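Structure first, commentary second.
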Amino acid sequence: MAEMVSNKQVILKNYVSGFPKETDMYVTTSLIELKVPKGSNGVLLKNLYLSCDPYMRPRMTKDMEGSYIESFEPGLPINGNGVAKVLDSENPEFKKGDLVWGMTGWEEYSLITAPYLFKVPHADVPLSYYTGILGMPGMTAYAGFYEVCSPKQGECVFISAASGAVGQLVGQFAKLLGCYVVGSAGSKDKVDLLKNRLGFDEAFNYKEEPDLNAALIRCFPEGIDIYFENVGGKMLDAVLINMKVGGRIAVCGMISQYNLDEPEGVHNLTRLISKRVRMEGFLVSDYNHLYPKFLEMIIPYIKGGKIVYVEDTAEGLESAPAALVGLFSGRNLGKQVVAVASE
(Lines give C-alpha, C1' and ligand atoms only; values in the text may rest on other atoms or scores of the structure.)
Protein backbone atom coordinates (compact mmCIF):
# COMPACT_ATOMS: atom_id res chain seq x y z
CA MET A 1 0.00 0.00 0.00
CA ALA A 2 1.47 3.35 -1.07
CA GLU A 3 1.81 6.21 1.39
CA MET A 4 -1.15 8.62 1.67
CA VAL A 5 -0.29 12.25 2.38
CA SER A 6 -2.24 15.48 2.75
CA ASN A 7 -2.29 17.66 -0.36
CA LYS A 8 -2.95 21.39 -0.08
CA GLN A 9 -4.79 22.72 -3.18
CA VAL A 10 -5.97 26.06 -4.62
CA ILE A 11 -9.56 25.62 -5.87
CA LEU A 12 -11.57 27.94 -8.14
CA LYS A 13 -14.83 28.68 -6.30
CA ASN A 14 -16.94 30.02 -9.20
CA TYR A 15 -16.50 31.56 -12.62
CA VAL A 16 -15.34 35.17 -12.37
CA SER A 17 -16.79 38.38 -13.79
CA GLY A 18 -14.75 41.60 -13.74
CA PHE A 19 -11.55 41.82 -11.71
CA PRO A 20 -10.67 38.54 -9.94
CA LYS A 21 -10.56 38.54 -6.12
CA GLU A 22 -8.74 36.30 -3.68
CA THR A 23 -12.14 35.05 -2.52
CA ASP A 24 -12.79 33.63 -6.02
CA MET A 25 -10.36 30.89 -4.93
CA TYR A 26 -9.89 28.97 -1.70
CA VAL A 27 -7.19 26.73 -0.25
CA THR A 28 -8.23 23.29 0.93
CA THR A 29 -6.55 20.02 1.85
CA SER A 30 -7.27 16.57 0.41
CA LEU A 31 -5.45 13.21 0.54
CA ILE A 32 -3.33 11.81 -2.27
CA GLU A 33 -1.64 8.44 -2.74
CA LEU A 34 2.06 8.79 -3.59
CA LYS A 35 1.83 6.22 -6.38
CA VAL A 36 0.88 6.39 -10.06
CA PRO A 37 -1.78 3.83 -11.10
CA LYS A 38 -0.17 1.00 -13.10
CA GLY A 39 -0.38 1.38 -16.88
CA SER A 40 -1.77 4.93 -16.70
CA ASN A 41 1.11 6.69 -18.52
CA GLY A 42 0.94 9.26 -15.69
CA VAL A 43 3.53 10.97 -13.50
CA LEU A 44 3.26 12.03 -9.87
CA LEU A 45 4.83 15.42 -9.19
CA LYS A 46 5.92 17.27 -6.08
CA ASN A 47 5.41 20.91 -7.08
CA LEU A 48 8.26 23.28 -6.22
CA TYR A 49 7.37 26.56 -7.98
CA LEU A 50 4.19 27.83 -9.65
CA SER A 51 3.92 30.57 -12.24
CA CYS A 52 1.32 33.38 -12.11
CA ASP A 53 0.49 34.46 -15.67
CA PRO A 54 -2.05 36.89 -17.17
CA TYR A 55 -3.54 34.23 -19.52
CA MET A 56 -4.92 32.49 -16.40
CA ARG A 57 -7.54 35.24 -15.97
CA PRO A 58 -9.57 34.38 -19.11
CA ARG A 59 -9.50 30.74 -17.95
CA MET A 60 -11.56 31.81 -14.93
CA THR A 61 -14.41 32.65 -17.32
CA LYS A 62 -16.95 30.15 -18.60
CA ASP A 63 -16.95 29.25 -22.32
CA MET A 64 -14.20 31.50 -23.64
CA GLU A 65 -15.22 31.94 -27.26
CA GLY A 66 -12.41 31.27 -29.73
CA SER A 67 -9.86 30.53 -27.02
CA TYR A 68 -6.80 28.32 -27.48
CA ILE A 69 -7.03 26.88 -23.94
CA GLU A 70 -9.87 25.49 -21.85
CA SER A 71 -11.52 27.20 -18.87
CA PHE A 72 -10.77 26.15 -15.30
CA GLU A 73 -13.48 24.08 -13.64
CA PRO A 74 -15.05 25.43 -10.44
CA GLY A 75 -14.54 23.00 -7.57
CA LEU A 76 -11.24 21.69 -8.99
CA PRO A 77 -7.63 22.87 -8.51
CA ILE A 78 -6.56 25.50 -11.02
CA ASN A 79 -3.49 24.70 -13.11
CA GLY A 80 -0.68 26.47 -14.89
CA ASN A 81 3.04 26.40 -15.53
CA GLY A 82 5.28 25.19 -12.76
CA VAL A 83 8.50 23.43 -11.80
CA ALA A 84 8.29 20.04 -10.09
CA LYS A 85 10.13 16.88 -9.10
CA VAL A 86 8.94 13.47 -10.34
CA LEU A 87 8.11 11.21 -7.36
CA ASP A 88 6.74 8.27 -9.37
CA SER A 89 6.23 7.58 -13.06
CA GLU A 90 4.46 5.16 -15.37
CA ASN A 91 5.55 7.28 -18.34
CA PRO A 92 8.60 6.12 -20.33
CA GLU A 93 9.77 9.72 -20.85
CA PHE A 94 10.10 10.52 -17.14
CA LYS A 95 11.65 8.71 -14.21
CA LYS A 96 11.62 9.18 -10.45
CA GLY A 97 13.90 12.05 -9.44
CA ASP A 98 13.60 13.98 -12.73
CA LEU A 99 13.15 17.75 -12.44
CA VAL A 100 10.54 19.01 -14.92
CA TRP A 101 8.70 22.16 -15.94
CA GLY A 102 5.36 22.54 -17.71
CA MET A 103 1.66 22.33 -16.90
CA THR A 104 0.87 21.21 -13.35
CA GLY A 105 -1.81 21.71 -10.69
CA TRP A 106 -1.91 24.46 -8.10
CA GLU A 107 -1.36 21.97 -5.27
CA GLU A 108 1.49 20.37 -3.36
CA TYR A 109 1.32 17.10 -5.33
CA SER A 110 -0.12 16.52 -8.81
CA LEU A 111 -0.98 13.32 -10.63
CA ILE A 112 -0.64 14.24 -14.32
CA THR A 113 -2.08 11.67 -16.74
CA ALA A 114 -1.36 13.51 -20.02
CA PRO A 115 1.97 15.22 -19.33
CA TYR A 116 2.75 18.51 -21.06
CA LEU A 117 6.16 18.59 -19.40
CA PHE A 118 9.78 19.25 -20.31
CA LYS A 119 12.84 17.97 -18.45
CA VAL A 120 14.90 20.68 -16.74
CA PRO A 121 18.04 20.74 -18.92
CA HIS A 122 20.26 22.88 -16.66
CA ALA A 123 19.95 22.53 -12.88
CA ASP A 124 22.87 24.90 -12.20
CA VAL A 125 20.63 27.99 -12.48
CA PRO A 126 17.76 28.81 -10.08
CA LEU A 127 14.95 26.28 -10.63
CA SER A 128 12.37 29.07 -10.39
CA TYR A 129 13.78 30.37 -13.71
CA TYR A 130 11.83 27.57 -15.43
CA THR A 131 8.59 29.44 -14.57
CA GLY A 132 10.06 32.49 -16.32
CA ILE A 133 13.20 33.18 -18.30
CA LEU A 134 13.87 29.48 -19.08
CA GLY A 135 10.19 28.50 -19.35
CA MET A 136 7.08 29.65 -21.16
CA PRO A 137 7.64 33.45 -20.72
CA GLY A 138 11.25 33.19 -21.94
CA MET A 139 10.21 31.22 -25.01
CA THR A 140 7.37 33.70 -25.60
CA ALA A 141 9.80 36.63 -25.58
CA TYR A 142 12.22 34.78 -27.86
CA ALA A 143 9.64 33.60 -30.40
CA GLY A 144 7.69 36.86 -30.39
CA PHE A 145 10.73 39.08 -30.82
CA TYR A 146 13.01 37.10 -33.12
CA GLU A 147 10.49 35.07 -35.14
CA VAL A 148 7.41 37.33 -35.32
CA CYS A 149 9.05 40.78 -35.28
CA SER A 150 12.08 40.00 -37.53
CA PRO A 151 14.15 42.70 -35.78
CA LYS A 152 17.10 44.51 -37.32
CA GLN A 153 19.97 46.30 -35.59
CA GLY A 154 19.26 49.92 -34.67
CA GLU A 155 15.47 49.70 -34.92
CA CYS A 156 13.12 51.50 -32.50
CA VAL A 157 11.32 49.05 -30.21
CA PHE A 158 8.42 49.73 -27.84
CA ILE A 159 7.21 47.23 -25.22
CA SER A 160 4.10 47.59 -23.07
CA ALA A 161 3.92 45.89 -19.63
CA ALA A 162 7.68 46.00 -20.04
CA SER A 163 8.68 44.99 -16.49
CA GLY A 164 6.62 41.77 -16.60
CA ALA A 165 7.78 38.22 -17.16
CA VAL A 166 7.94 38.57 -20.97
CA GLY A 167 8.49 42.30 -21.47
CA GLN A 168 11.67 42.53 -19.41
CA LEU A 169 13.28 39.91 -21.67
CA VAL A 170 12.10 41.38 -24.97
CA GLY A 171 13.68 44.69 -23.96
CA GLN A 172 17.01 43.07 -23.15
CA PHE A 173 17.00 40.99 -26.36
CA ALA A 174 16.41 44.21 -28.30
CA LYS A 175 19.27 46.00 -26.50
CA LEU A 176 21.62 43.07 -27.23
CA LEU A 177 20.73 43.56 -30.91
CA GLY A 178 21.62 47.26 -30.74
CA CYS A 179 18.05 48.60 -30.85
CA TYR A 180 16.67 51.73 -29.20
CA VAL A 181 14.25 50.42 -26.55
CA VAL A 182 11.42 52.08 -24.61
CA GLY A 183 9.02 50.40 -22.18
CA SER A 184 5.81 51.40 -20.43
CA ALA A 185 4.91 50.19 -16.94
CA GLY A 186 2.49 51.11 -14.16
CA SER A 187 4.61 52.48 -11.30
CA LYS A 188 7.70 54.56 -10.54
CA ASP A 189 9.50 51.46 -9.19
CA LYS A 190 8.86 49.59 -12.44
CA VAL A 191 10.05 52.51 -14.56
CA ASP A 192 13.23 52.73 -12.42
CA LEU A 193 13.74 48.98 -12.87
CA LEU A 194 13.50 49.28 -16.66
CA LYS A 195 15.94 52.17 -16.91
CA ASN A 196 18.42 51.35 -14.14
CA ARG A 197 18.61 47.55 -14.03
CA LEU A 198 17.33 46.27 -17.35
CA GLY A 199 19.09 48.79 -19.59
CA PHE A 200 16.08 50.29 -21.42
CA ASP A 201 16.89 53.61 -23.10
CA GLU A 202 13.68 55.20 -21.85
CA ALA A 203 10.54 54.24 -19.93
CA PHE A 204 7.34 55.91 -18.76
CA ASN A 205 4.54 55.27 -16.28
CA TYR A 206 1.40 55.06 -18.43
CA LYS A 207 -0.79 55.90 -15.40
CA GLU A 208 0.85 59.33 -15.19
CA GLU A 209 0.54 60.16 -18.91
CA PRO A 210 -2.63 62.14 -19.68
CA ASP A 211 -1.97 61.63 -23.41
CA LEU A 212 -0.39 58.33 -24.52
CA ASN A 213 0.08 59.60 -28.07
CA ALA A 214 2.12 62.56 -26.75
CA ALA A 215 4.21 60.21 -24.58
CA LEU A 216 5.03 58.05 -27.60
CA ILE A 217 5.91 61.07 -29.77
CA ARG A 218 8.24 62.24 -26.98
CA CYS A 219 10.00 58.85 -26.85
CA PHE A 220 9.85 58.07 -30.58
CA PRO A 221 10.03 61.33 -32.55
CA GLU A 222 10.79 59.30 -35.72
CA GLY A 223 8.21 56.58 -34.99
CA ILE A 224 8.21 52.91 -33.88
CA ASP A 225 9.57 49.98 -35.92
CA ILE A 226 8.52 47.20 -33.55
CA TYR A 227 5.77 47.11 -30.93
CA PHE A 228 5.62 44.13 -28.57
CA GLU A 229 1.98 44.17 -27.47
CA ASN A 230 1.05 42.99 -23.98
CA VAL A 231 -1.82 45.30 -22.98
CA GLY A 232 -4.18 46.26 -25.86
CA GLY A 233 -6.86 48.95 -25.56
CA LYS A 234 -5.85 52.60 -25.47
CA MET A 235 -2.13 51.79 -25.66
CA LEU A 236 -2.54 49.88 -28.92
CA ASP A 237 -4.60 52.74 -30.33
CA ALA A 238 -1.86 55.27 -29.53
CA VAL A 239 0.88 53.01 -30.92
CA LEU A 240 -0.92 52.57 -34.25
CA ILE A 241 -0.64 56.35 -34.86
CA ASN A 242 3.11 56.21 -34.18
CA MET A 243 4.21 53.19 -36.21
CA LYS A 244 6.75 53.66 -38.98
CA VAL A 245 6.14 52.45 -42.53
CA GLY A 246 6.84 48.70 -42.61
CA GLY A 247 6.57 48.33 -38.83
CA ARG A 248 5.75 45.07 -37.06
CA ILE A 249 3.47 44.42 -34.08
CA ALA A 250 3.69 41.10 -32.22
CA VAL A 251 0.49 40.53 -30.26
CA CYS A 252 1.45 38.53 -27.18
CA GLY A 253 -1.32 39.53 -24.75
CA MET A 254 -3.94 42.17 -23.94
CA ILE A 255 -4.07 42.31 -20.15
CA SER A 256 -6.09 45.57 -20.15
CA GLN A 257 -9.03 43.67 -21.70
CA TYR A 258 -9.16 40.48 -19.63
CA ASN A 259 -11.34 41.85 -16.83
CA LEU A 260 -13.81 43.75 -19.03
CA ASP A 261 -17.23 42.28 -19.82
CA GLU A 262 -17.15 44.14 -23.16
CA PRO A 263 -13.69 44.60 -24.73
CA GLU A 264 -12.75 48.15 -25.79
CA GLY A 265 -12.71 48.95 -29.48
CA VAL A 266 -9.54 49.90 -31.36
CA HIS A 267 -10.04 52.96 -33.56
CA ASN A 268 -6.81 53.48 -35.49
CA LEU A 269 -6.58 50.23 -37.46
CA THR A 270 -6.58 52.09 -40.79
CA ARG A 271 -2.96 53.02 -39.95
CA LEU A 272 -2.07 49.38 -40.66
CA ILE A 273 -2.92 50.10 -44.29
CA SER A 274 -1.28 53.48 -44.81
CA LYS A 275 1.87 52.46 -42.91
CA ARG A 276 1.96 48.87 -44.34
CA VAL A 277 2.28 47.53 -40.79
CA ARG A 278 2.21 43.80 -40.12
CA MET A 279 0.33 42.90 -36.92
CA GLU A 280 0.49 39.24 -35.91
CA GLY A 281 -0.77 37.27 -32.94
CA PHE A 282 1.15 34.18 -31.86
CA LEU A 283 1.12 31.28 -29.40
CA VAL A 284 4.34 30.13 -27.80
CA SER A 285 3.34 26.48 -28.27
CA ASP A 286 3.80 26.91 -32.04
CA TYR A 287 7.51 27.52 -31.37
CA ASN A 288 8.29 24.74 -28.87
CA HIS A 289 10.58 23.11 -31.45
CA LEU A 290 12.93 26.10 -31.04
CA TYR A 291 13.46 25.49 -27.31
CA PRO A 292 16.94 23.89 -27.73
CA LYS A 293 18.04 26.81 -29.96
CA PHE A 294 16.66 29.27 -27.39
CA LEU A 295 18.59 27.60 -24.54
CA GLU A 296 21.79 27.68 -26.59
CA MET A 297 21.43 31.46 -26.80
CA ILE A 298 20.08 32.30 -23.34
CA ILE A 299 22.15 30.13 -20.96
CA PRO A 300 25.48 31.85 -21.77
CA TYR A 301 23.77 35.26 -21.40
CA ILE A 302 22.45 34.29 -17.95
CA LYS A 303 25.77 32.83 -16.77
CA GLY A 304 27.70 35.78 -18.18
CA GLY A 305 25.43 38.30 -16.45
CA LYS A 306 24.42 39.79 -19.81
CA ILE A 307 20.71 39.31 -19.04
CA VAL A 308 19.06 40.19 -15.73
CA TYR A 309 15.84 38.44 -14.67
CA VAL A 310 13.74 39.94 -11.89
CA GLU A 311 11.39 37.70 -9.90
CA ASP A 312 8.76 38.54 -7.29
CA THR A 313 8.40 35.44 -5.10
CA ALA A 314 5.40 34.70 -2.87
CA GLU A 315 6.10 32.03 -0.22
CA GLY A 316 3.76 29.07 0.26
CA LEU A 317 0.75 27.74 -1.63
CA GLU A 318 -1.65 29.71 0.59
CA SER A 319 -0.16 32.93 -0.85
CA ALA A 320 -0.95 31.86 -4.45
CA PRO A 321 -4.47 33.41 -4.81
CA ALA A 322 -3.22 36.84 -3.68
CA ALA A 323 -0.17 36.56 -5.97
CA LEU A 324 -2.31 35.74 -9.02
CA VAL A 325 -4.87 38.48 -8.33
CA GLY A 326 -2.02 40.96 -7.76
CA LEU A 327 -1.00 40.69 -11.43
CA PHE A 328 -4.11 42.61 -12.45
CA SER A 329 -3.45 45.57 -10.17
CA GLY A 330 0.27 45.56 -11.04
CA ARG A 331 1.35 44.64 -7.52
CA ASN A 332 4.25 42.44 -8.64
CA LEU A 333 7.70 43.77 -9.55
CA GLY A 334 9.06 41.37 -12.16
CA LYS A 335 7.98 37.79 -12.82
CA GLN A 336 5.42 36.57 -10.22
CA VAL A 337 6.39 33.18 -8.80
CA VAL A 338 4.91 31.13 -5.96
CA ALA A 339 7.42 28.99 -4.02
CA VAL A 340 5.53 25.85 -2.91
CA ALA A 341 8.34 23.66 -1.55
CA SER A 342 12.09 23.31 -1.58
CA GLU A 343 13.39 20.25 -3.39
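Entry comment: accessible area of the chain is 44 Å² per residue, from protein heavy atoms only and a probe of 1.4 Å. Cα centroid separation, segment 31-56 to segment 68-147: 9 Å.
Based on DSSP H segments of at least four residues, each scored -39500 (n - 2.57), the chain has a per-residue ellipticity at 222 nm of -5000 deg cm²/dmol.
Across the accessible surface of the chain, with the other protein chains kept in place and a 1.4 Å probe, carbon and sulfur atoms take up 52 percent. Normalised by the number of residues in the chain, the average gap of Cα pairs under 8 Å and 6 or more apart makes the relative contact order 17 percent. Comparing THR131, ALA185, PRO115 along the charge dipole axis of segment 88-209, the residue lying farthest to the positive side is ALA185, per the Cβ-charge model. Take every pair of alpha-carbon atoms less than 8 Å apart whose residues are at least six positions apart; their mean separation over the length of segment 185-343 yields a relative contact order of 16 percent.
Note on LYS13: lysines with a C-alpha under 20 Å away, same-chain residues under 8 apart excluded, are LYS21, LYS62. Hand me the GluC sites (Glu not before Pro) from segment 1-81 located in a DSSP loop with no more than 15 other Cβ atoms within 10 Å, in residue order please. Passing sites in segment 1-81 are GLU3, GLU65, GLU70. The modelled label-to-label distance between MET64 and ASN288, using points 7 Å beyond Cα along the C-beta direction, is 1.7 nm. The ratio of the alpha-carbon radius of gyration of the chain to the globular-protein estimate 2.2 N^0.38 Å is 1.01.
Its Cα centre serving as origin, the chain has a Cβ charge dipole (Lys and Arg +1, Asp and Glu -1) of approximately 700 debye. Judged by the ratio a/c of the largest to the smallest principal axis of the C-alpha gyration tensor, segment 22-152 counts as oblate, that ratio being 1.5 or greater while a/b is no larger than b/c.
Taking the Cα centre of segment 45-85 as origin and assigning +1 to Lys and Arg Cβ atoms and -1 to Asp and Glu Cβ atoms, the resulting dipole is close to 280 debye. Specify the inter-centroid distance of segment 263-332 and segment 159-210, based on alpha-carbon positions, in whole Å. Cα centroid to Cα centroid, the span is 13 Å.
Note on segment 150-237: semi-axes of the ellipsoid equivalent to its C-alpha gyration tensor, largest first and rounded to whole Å, are 18, 15, 12. Placing dummy labels 7 Å off each Cα toward the beta-carbon, the span from ALA114 to LYS96 is 2.8 nm. Taking the DSSP bridge list for the chain and keeping only pairs wholly inside it, about 60 percent are antiparallel.
The values are calculated or read from the model by the stated rules, or taken from the named source; none is laboratory data. The shown structure was predicted, so the numbers you read here are calculated from the model rather than taken from an experiment. Every residue, glycine among them, receives a Cβ derived from its backbone with ideal geometry; neighbour counts consider all protein chains shown. Accessible surface is based on the protein model in full, side chains and every heavy atom, while ligands, DNA and RNA are left aside. Shrake-Rupley method; radii C 1.70, N 1.55, O 1.52, S 1.80 Å.
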